[in-house]
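Structure first, then comments.
The values are calculated or read from the model by the stated rules, or taken from the named source; none is laboratory data. From a predicted model like this one, the values you see are computed outputs, not experimental measurements. Glycine also receives a Cβ, built like all others from the backbone with ideal geometry; neighbour counts cover every protein chain displayed.
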Amino acid sequence: MPPRSSRPARVFSALQLTVGLLLCGVGLGGAPAPVGADVLTPKSGKKVLGAIVTETGGELVFNIYWSRNPGVTNPEHLVRLPAGKVKKVERRPHPDVEVFRRLKAARKDDAAALVAIGEYAKENKRKAHARMCFALALAQDGDHKAALKGIGGRAKWDAVRKGNPALDPQLQTLIERYVQEEDTTERVKLQRALKERHFKARPVDLERYRRSAGQPKGYQRDRPISYRSDVRPGAVYTLSVPEAYTPTRTWPLIIGLHGGGPGGKNGDEVVGSGASAMNFYQRHAMQRGVIVACPTAIVAGWGNKVNEEYVRDLLTELRLLYNVDIDRIYLTGHSMGGFGTWALGPRLAEELAAISPMAGGGAGGIGRLESTRTPIFIYHADDDRVVGPSSDRAAAKQLLGSDLDFVYTELPKQGHGFPASVQVELFDFFEPRRRHDKGYKECWPRSSLHAKPTKEEIKYLGDPLASMKGEPADLKRWLEQLRLGGGRGLAAAGLIAEHAPEGAPAAVAKVLANGQAPHDARAYAARALGLLGGSEGFRALRKAVALPATKKQGKVARACAAALVAGKDTEALPALGKALEAWTAYYERKVTGQEMRYSDWRRSTNVLAELAAAWAALASAEASAGVLERTLVARVFQPQHAVQTSSRVPQDPSATRQAMAAAVARAYEHTNADSDRWDGLLSALENDPKAKSSAESLRPAGGR
């Protein structure tokens, strides 16, 4: 991210002059009053600041916590007055926000409307906003007299337009051509042409545009992080990128923190995931053109230092891979994520445009948020029995004594949920707000792709200039990437398997065998070996799949099992049998009495299901399925351990039990198991009708 004092990189699509997508900084006029600061003056009594909720039925409803949600019923939040007792109501929206609201409603080609908004900004001493509006009007009508006067004359207009793609269609076209150009020589020519048109972008910035154009769009579940992936192996996030994404303009970014908590017998598992959190945001984000990333916590409690560093690294990765407006980055979260937003928001405040803790608590950094002028939208339900509203209520009362831009919405009878109306409020709150930066004197967006190059970017995300330098991709370079794990390691494993360079099986086998390597790097190495084939790779896979069962080994064991199936290694049955014994013992260690936590169940049974499926796929008719009977049937199915689940996050132990049952049934089918063995399996599954049905459907007709 460039220093705050650096000149902003102007990246704007000429096709996106519609003001609903204008990306401009706020806070240029000093400390803001609360946004939407309506003033109620009763005929008797003092004036009240807040927000008008309704003015119907002869009654005015006024919320002192700035929420306009009509569902709020808490009498401590509302002032209700008959119309006859109201002397005056003044609507005083904050200009920084009101400019963007008006721009969103204006037509992109309506120069007169844009000029009117510019005049409003000028009247409210928002000079940068006014200049932007007048410039946008002149982009539609270069001779508009009022716009020329407002911006300071034609010479000033020419200066503002210079190097700004939003105001120079030819410049915008050159940028789009550059992104699509494959030929290096032609790109060098385009670099010169862009410089001649005063576009402030270095070759490395332009090459990041091209790299960004190749990034996936849409929904990406559990995407491995690449940036500093070797520091936190296995870290993933769920990402939603608008289908209309293009790197030739900047985009807002929301980081959403999931709920949940600690899980597992030892408390070392995490309940909740980025994928579960994304359900709150994706639909709205796609409609509004917002990138959303929801990481899965490394440990329970988002305030943990490990999670803070992870979120920082995630921000760095996304800002380098996607064209993010660095003044439009937002943080939110629900439940544990609400606590996390209160914890991380103040620590990350200088990088954030606004935060929104939902159904959480633990506000302790309000002073820091006040110093950075970071807006806050808080939500809680009055009957939340999981996380009571007292902490958020106290925070809202504290904020009443400040001039910070905030809203507190408290709805009745919503429990620990995240209502649809609040989801809309959240996006409405974020959309017009920008990061406060009193040293930032321009109103055009600042692109994250114009950051200073670092060694870390090259190491974890690749050198943006690699194609310009003509650096060859070879086994040595791919192995370096593979050892890092994460997204880059996954891509490297695919390239090694695709190109199968000489010496690859032996080299990749060393990565798999290296117990000090990130466990996800070892898992990707296993995947590559399964696709490469060969005796050397299969020996390494058999050895790795049978290693002692540990939390970190789980991903490796599953990848090895899948790779042995991909390579059709029929000699792998003994190793798979040893692995089944090890992971059944791991499963039993997680049992307390006759119960186990869902997170322990999920981790151990996911591995067992993969191992059993691999055994079934590779077994011949002459093989004996006794190892499955001794492990899964006798020690997992038969004891009928109860699995503790939570109603707050999706948890279904039957889904994995069905997969294990089907795998055992396929093994029995392949090995011509006798009736007694089939009867034993079905008896063990008696208390799970779905799993029993999955197994029974594979039993051969005739009673064998």
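Looking across 383, 403, one residue alone is assigned to a loop (DSSP other than H, G, I, E, B), among the acidic types (Asp, Glu) and either within 26 Å of residue 442 (Cα to Cα) or at pLDDT below 95 (or both). It is 403.
If the condition is being touching an Asp or Glu at 6+ places or on another chain (Cβ under 9 Å) and crowded, with 23+ Cβ neighbours inside 10 Å, then segment 343-353 contributes 343, 344, 353.
Of the residues 134, 62, 100, only one is out of contact with any His (no Cβ under 8 Å at 6 or more places or on another chain), in a strand (DSSP E or B), in contact (Cβ under 8 Å) with a residue 12 or more places away in the chain and not aliphatic (A, V, I, L, M); which?
Going through 134, 62, 100 in turn, just one is out of contact with any His (no Cβ under 8 Å at 6 or more places or on another chain), in a strand (DSSP E or B), in contact (Cβ under 8 Å) with a residue 12 or more places away in the chain and not aliphatic (A, V, I, L, M): 62.
What about residue 116, is it surrounded by fewer than 20 Cβ atoms within 10 Å (Cβ to Cβ), free of Cβ contacts under 8 Å to residues at least 40 places away in the same chain and out of contact with any Ser or Thr (no Cβ under 6 Å at 6 or more places or on another chain)? Considered against the rule, which asks whether it is surrounded by fewer than 20 Cβ atoms within 10 Å (Cβ to Cβ), free of Cβ contacts under 8 Å to residues at least 40 places away in the same chain and out of contact with any Ser or Thr (no Cβ under 6 Å at 6 or more places or on another chain), residue 116 comes out as yes.
The listed residues are 166, 159, 147, and the only one of them that is surrounded by fewer than 16 Cβ atoms within 10 Å (Cβ to Cβ), small (Gly, Ala, Ser) and over 30 Å from residue 481 (Cα atoms) turns out to be 159. Is it the case that residue 698 is assigned by TED's automatic domain parsing to the domain that holds residue 617, under 44 Å from the mean Cα position of the chain (by Cα) and in a loop (DSSP other than H, G, I, E, B)? For residue 698, the condition - assigned by TED's automatic domain parsing to the domain that holds residue 617, under 44 Å from the mean Cα position of the chain (by Cα) and in a loop (DSSP other than H, G, I, E, B) - is met.
Can you say whether residue 224 is touching a residue at least 12 places away in the same chain (Cβ under 8 Å) and within 30 Å of residue 519 (Cα to Cα), as far as the supplied structure shows? Yes; evaluated as a whole, the condition is true for this residue.
Residues considered: 525, 507. Of these, the only one that is closer than 24 Å to residue 225 by Cβ and of a type outside the set (Asp, Glu) is 525.
The set of residues in segment 466-495 that are surrounded by fewer than 17 Cβ atoms within 10 Å (Cβ to Cβ), in contact (Cβ under 8 Å) with a residue 24 or more places away in the chain and closer than 30 Å to residue 249 by Cα comprises 467, 470.
For every residue, the table says whether it meets (1) within 24 Å of residue 462 (Cα to Cα); (2) surrounded by fewer than 24 Cβ atoms within 10 Å (Cβ to Cβ).
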{"position": "506", "(1), (2)": "no, yes"}
{"position": "523", "(1), (2)": "yes, no"}
{"position": "534", "(1), (2)": "no, yes"}
{"position": "541", "(1), (2)": "no, no"}
{"position": "548", "(1), (2)": "no, yes"}
{"position": "559", "(1), (2)": "no, no"}
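Flag not set for residue 666, criterion: of a type in the set (Lys, Arg), part of a loop (DSSP other than H, G, I, E, B) and out of contact with any Gly (no Cβ under 6 Å at 6 or more places or on another chain). Counting residues in segment 30-39 that are touching a helix residue (DSSP H, G or I) at 6+ places or on another chain (Cβ under 6 Å), over 30 Å from residue 174 (Cβ atoms), assigned to a loop (DSSP other than H, G, I, E, B) and at pLDDT 90 or above gives zero.
The residues listed here are 589, 558, 602; of these, the one that is in contact with a strand residue (DSSP E or B) (Cβ under 9 Å, 6 or more places away or on another chain) and on the phi < 0 side of the Ramachandran plot is 602.
Condition check ((1) of a type outside the set (Gly, Ala, Ser); (2) over 22 Å from residue 447 (Cα atoms); (3) in contact with a Gly (Cβ under 7 Å, 6 or more places away or on another chain)) across all residues:
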| position | (1), (2), (3) |
| --- | --- |
| 139 | no, no, no |
| 146 | no, yes, no |
| 152 | no, yes, no |
| 169 | yes, no, no |
| 174 | yes, no, no |
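In summary, strands (runs of 3 or more DSSP E) completely within segment 206-322 and bearing 2 or more residues that are among the hydroxyl-bearing types (Ser, Thr, Tyr) and either within 19 Å of residue 334 (Cβ to Cβ) or within 17 Å of the chain's Cα centre (by Cα) (or both) occur at 236-241.
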